[in-house]
1. Looking only at the range 34-48, count how many residues are in a loop (DSSP other than H, G, I, E, B) and touching a residue at least 24 places away in the same chain (Cβ under 8 Å).
2. Which condition does W54 not pass, out of (1) crowded, with 18+ Cβ neighbours inside 10 Å; (2) in a loop (DSSP other than H, G, I, E, B); (3) under 13 Å from the mean Cα position of the chain (by Cα), if it passes all the others?
3. Quick test for you: out of K25, K3, pick the one residue that is in contact with a strand residue (DSSP E or B) (Cβ under 7 Å, 6 or more places away or on another chain), touching a residue at least 24 places away in the same chain (Cβ under 8 Å), closer than 24 Å to Q82 by Cα and not hydrophobic (A, V, I, L, M, F, W, C).
4. From the residues in the range 74-120 that are touching a strand residue (DSSP E or B) at 6+ places or on another chain (Cβ under 9 Å) and among the aliphatic types (A, V, I, L, M), which one is nearest to G60 (Cα to Cα)?
5. Among the residues of the range 88-120, how many are of a type in the set (G, A, S) and within 30 Å of I49 (Cβ to Cβ)?
6. For the range 62-120, list the helices (runs of 4 or more DSSP H) that sit wholly inside it and hold at least 2 residues that are within 21 Å of the chain's Cα centre (by Cα), within 29 Å of V45 (Cβ to Cβ) and not β-branched (V, I, T); which are they?
Amino acid sequence: MDKWLWAARFFKTRSLAAQAVEGGKAKLNQQRVKPAKEVHVGDVVEIQIGNYTWEITVLGLSARRGPAEAARMLYTESAESQERRQAQIAVRSIQVEPAAQIHGRPTKRDRRRLGRFTGG
């Protein structure tokens, strides 16, 4: 499982893929499995990375990590999964991150304002 996730380029390293499988972030046929579990053609893999979830069907197997075009041939993503991820991306692009305007350490002026606000 971890080797296939790495070869399909969902994770940068096999150890990150193995940690995701161990932590339940990657499931095979809706069940938690161990990283050494074999993946077969036709299996459904659910992968959660950050806030995004992929639901993919395995089309091919590979023990080697190849180029991105070859990795995309190993799986197909369900239409519902694509729509759900696109909706999440749209919502995130509309929402403003509160910490986006904070750059670096607070200035002396910022610290004084914070002290007045907290009473310190």
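1. The number of residues fulfilling the criteria is 6.
2. Only one criterion in (1) crowded, with 18+ Cβ neighbours inside 10 Å; (2) in a loop (DSSP other than H, G, I, E, B); (3) under 13 Å from the mean Cα position of the chain (by Cα) is unmet by W54, namely (2).
3. On the way: K3 fails: in contact with a strand residue (DSSP E or B) (Cβ under 7 Å, 6 or more places away or on another chain).
Within the list K25, K3, the selection yields K25.
4. Looking at the filtered set, the residue picked out is L74.
5. If we filter the range 88-120 for residues that are of a type in the set (G, A, S), which is where we start, we get 90, 93, 99-100, 104, 115, 119-120.
After this cut, where a residue has to be within 30 Å of I49 (Cβ to Cβ) as well, the list is 90, 93, 99-100, 104.
Result for the range 88-120: 5.
6. On the way: elements: 68-72, 79-94, 108-118.
By residue number, 68-72, 79-94.
Yes or no, residue by residue, for (1) among the β-branched types (V, I, T); (2) surrounded by 10 or more Cβ atoms within 10 Å (Cβ to Cβ); (3) closer than 15 Å to W6 by Cα:
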residue	(1), (2), (3)
V21	yes, yes, yes
N29	no, yes, no
I49	yes, yes, yes
L61	no, yes, yes
S78	no, yes, no
R85	no, yes, no
I94	yes, no, no
H103	no, no, no
D110	no, yes, no
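Quick note: the coordinates plus some simple rules give every number you see, no bench work behind them. What you are looking at is a predicted structure, and each value in this text was computed from that prediction instead of being measured. We place every Cβ from the backbone using ideal geometry, glycine too, and count neighbours over all the protein chains shown.
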